[in-house]
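Asks: Below you'll find the structure I mean.
The values are calculated or read from the model by the stated rules, or taken from the named source; none is laboratory data. Since this is a predicted model, take the numbers as computed values, not measurements. Neighbour counts are summed over all protein chains in view; Cβ atoms, including those assigned to glycine, are modelled from backbone coordinates with ideal geometry. These area figures cover heavy atoms from the full protein model, side chains too; ligands, DNA and RNA do not enter into them. Shrake-Rupley method; radii C 1.70, N 1.55, O 1.52, S 1.80 Å.
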Amino acid sequence: MSDDHQGSCLCGAVRFRTRGALRGVVYCHCSQCRKQSGHFYAATNVADTDIAIEGAESITWYEASGFARRGFCKACGSVLFWKAMDQDYISVLAGSFDKPTALKGECHIFVGDKGDYYSIDDGLPQFEKSTPSIPVAE
Ligand SMILES: [Zn+2]
Ligand SMILES: [Zn+2]
C-alpha cells in the first residue's frame, strides 16, 4: 500500500496530495489554535517537497505570529495548514485528509492554554507548552 494521501477543504477549491509517511498527529491547545479552529488543532506534518497543493489561489494566509502563518480556504473557511516561515515543512490539519488516513495521535501541546470545557484523557503525552521538536506559536 502506498503512503501517499490526499485531502481537501470542505468546498473542494483547495486540494492537496502528500507523499511518504506522515508524522503522528499533534494536538495543539494554544489560544491561537483554539480561536482559529473553534476547538483545538490536530495536525500532522510533511516536508515542503512532499506536498503538492492545487487551488493555492483560494488559500488565505493569516500571520497570527511573527514566525508562522495559518492557511485556510477563503471560500469555505476550512483550516488547512500551519507554516513556520523558516522551516522546510508544513503542518496539515488531520481532518482535511480523505480517509483512510492511517494517522495516529502523538501528543498534546500547550495544554496549559486548553479550553476549560473539555478534558484530555486519551493517555497520550501532554506538554504544558511545546516540545523542542515542535515549533508552534506561543
Ligand atoms: Zn474550500
Ligand atoms: Zn497552537
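Asks: With segment 46-138 as the region, which strands (runs of 3 or more DSSP E) entirely inside it contain at least 2 residues that are of a type in the set (Lys, Arg)?
Replies: Correct list: 68-73.
Asks: Within segment 91-111, take every residue that is in contact (Cβ under 8 Å) with a residue 40 or more places away in the chain and more than 17 Å from SER37 (Cα to Cα) and give me the one that is least open to solvent (accessible area, probe 1.4 Å).
Replies: CYS107
Asks: If I filter segment 40-60 down to residues being of a type outside the set (Gly, Ala, Ser) and within 15 Å of ILE109 (Cβ to Cβ), which single residue comes out as modelled with the lowest pLDDT?
Replies: Of everything passing the filter in segment 40-60, ASN45 is modelled with the lowest pLDDT.
Asks: Here is a follow-up. When the residues of segment 1-42 are narrowed to those that are basic (Lys, Arg) and in a strand (DSSP E or B), which ends up least open to solvent (accessible area, probe 1.4 Å)?
Replies: ARG15
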